1. Suppose we keep only residues that are in contact (Cβ under 8 Å) with a residue 24 or more places away in the chain and small (Gly, Ala, Ser) within segment 80-99. Which one would you say is surrounded by the most Cβ atoms within 10 Å (Cβ to Cβ)?
2. Restricting to segment 100-122, what's the tally of residues that are free of Cβ contacts under 8 Å to residues at least 60 places away in the same chain, farther than 19 Å from GLY171 by Cα and exposed (fewer than 15 other Cβ atoms within 10 Å of the Cβ)?
3. Can you confirm whether segment 218-232 contains a residue that is closer than 20 Å to MET1 by Cβ, buried (at least 18 other Cβ atoms within 10 Å of the Cβ) and touching a Ser or Thr at 6+ places or on another chain (Cβ under 6 Å)?
4. Here's a check for you: in segment 8-26, which residue that is in a helix (DSSP H, G or I) and hydroxyl-bearing (Ser, Thr, Tyr) is surrounded by the fewest Cβ atoms within 10 Å (Cβ to Cβ)?
5. Considering ASP77, ASP69, which residue is in contact (Cβ under 8 Å) with a residue 40 or more places away in the chain, closer than 21 Å to VAL5 by Cα and either surrounded by fewer than 20 Cβ atoms within 10 Å (Cβ to Cβ) or of a type in the set (A, V, I, L, M) (or both)?
6. Kindly evaluate GLU201 against the criterion of being free of Cβ contacts under 8 Å to residues at least 12 places away in the same chain and surrounded by fewer than 19 Cβ atoms within 10 Å (Cβ to Cβ).
7. So, in segment 292-307, exactly how many residues are out of contact with any helix residue (DSSP H, G or I) (no Cβ under 9 Å at 6 or more places or on another chain) and either under 15 Å from VAL212 (Cβ atoms) or among the acidic types (Asp, Glu) (or both)?
8. Return the residue satisfying two criteria in turn: it lies in segment 27-56 and is surrounded by 15 or more Cβ atoms within 10 Å (Cβ to Cβ) and out of contact with any His (no Cβ under 8 Å at 6 or more places or on another chain), and of such residues it is farthest from ASP287 (Cα to Cα).
Amino acid sequence: MVLGVASSHAPAVLLPADRWPSAYAMLVGDVPQPRAAAAETSETNAVARGRIDHGVATLRAAIEAARPDAVVIVGDDQDEVFGPAFNPTLAVFCGSAVSGSTLPRFRDEPGLDRRVELTCHSELASHLAAGLTRRGFDPAVMTELRPLSRPDGIGHAFTRPAQFLGLAETGIPVIPVFLNAYHDPLPSGQRCYDLGRAIREIADGRPERIVVVGSGGLSHDPMGPRAGWIDQRLDRWVLDRIAEGRGEELTTMFSVDSDALRGGTGEIRSWIVVAGAFAGLAAHVVDYVPLHHAVTGLGFACWQPSA
């Protein structure tokens, strides 16, 4: 495994700044907003747009420099592929290709939603699923993508980073790993960390150069009761742990059930997986942008073993 990456995947990462206000209004609904949100203007949003672009460019450059043969994307599903009929805690897609939309809620606005076609590394994915099973995990294995809830294909936790990190453009094969972050019963922080360590162990036994991407987070609750509120203390605690190579401390994060740790904040589980894959290695936190117009604390980080 040659590189680890973690990134938020909020719509604002792909939307131009002049579309943020309308997206913000849609995602927060009638939830009363914190006073800090009123301080965000078109001028401050332009600065935030520049920081997001720099964060994305830094991660994209790191992936290009790593020259991966395959990229494992760990992300959640929000009733896109799965749903009440079937909702696994962990699933590995082992088919040859998937596709999906980046911004389906914005498909009526020309030029915003994109259809992403992704080549998948089916042989490596099958090896990963078998290796996880031998290590005490029980992943659901999928060789075809047949969405149960929405017709758009694979969810935005996969299509968005594939788009802004250049994976769709370059055709680097991906392995989608679905990790439940929303629906009870939820995996613990320890389980996510152990999953990352298992993925690393399996990857290190392969000849391919493999990158793992954790997609989602940080604190946010889009269209939920805390929509628009950002827990900066929590976000900075997470980022400090990975920046200091103390990712194992994240294993306690979900040991207490709290409303503050539900909703989109549960996607931090994907970050914990990457921290587990690079246990003891300090991450480079590229930037943290607590942006109310993005309805999330936007984070960008990477783990570079060669560094």
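The values are calculated or read from the model by the stated rules, or taken from the named source; none is laboratory data. As the structure is a prediction and not an experimental result, all values here were calculated from the model. All Cβ positions, glycine included, derive from the backbone under ideal geometry; neighbour counts span all protein chains shown.
1. ALA91
2. Residues meeting the conditions: 4.
3. As a first pass, look at segment 218-232 and keep what is closer than 20 Å to MET1 by Cβ: none.
Checked against the condition, which is being closer than 20 Å to MET1 by Cβ, buried (at least 18 other Cβ atoms within 10 Å of the Cβ) and touching a Ser or Thr at 6+ places or on another chain (Cβ under 6 Å), segment 218-232 yields no hits at all.
4. Filtering segment 8-26 down to residues in a helix (DSSP H, G or I) leaves 11-13, 17-26.
Imposing the further condition that a residue be hydroxyl-bearing (Ser, Thr, Tyr) reduces the set to 22, 24.
Details: SER22: 12, TYR24: 22.
Once the filter is applied, the top-ranked residue is SER22.
5. Values: ASP77 fails: either surrounded by fewer than 20 Cβ atoms within 10 Å (Cβ to Cβ) or of a type in the set (A, V, I, L, M) (or both).
Sole residue among the options that is in contact (Cβ under 8 Å) with a residue 40 or more places away in the chain, closer than 21 Å to VAL5 by Cα and either surrounded by fewer than 20 Cβ atoms within 10 Å (Cβ to Cβ) or of a type in the set (A, V, I, L, M) (or both): ASP69.
6. Values: free of Cβ contacts under 8 Å to residues at least 12 places away in the same chain: no; surrounded by fewer than 19 Cβ atoms within 10 Å (Cβ to Cβ): yes.
For GLU201, the condition - free of Cβ contacts under 8 Å to residues at least 12 places away in the same chain and surrounded by fewer than 19 Cβ atoms within 10 Å (Cβ to Cβ) - is not met.
7. Start the filter on segment 292-307 by keeping residues that are out of contact with any helix residue (DSSP H, G or I) (no Cβ under 9 Å at 6 or more places or on another chain), which leaves 305, 307.
Still in the running and either under 15 Å from VAL212 (Cβ atoms) or among the acidic types (Asp, Glu) (or both): 305.
Number of matching residues: 1.
8. VAL31
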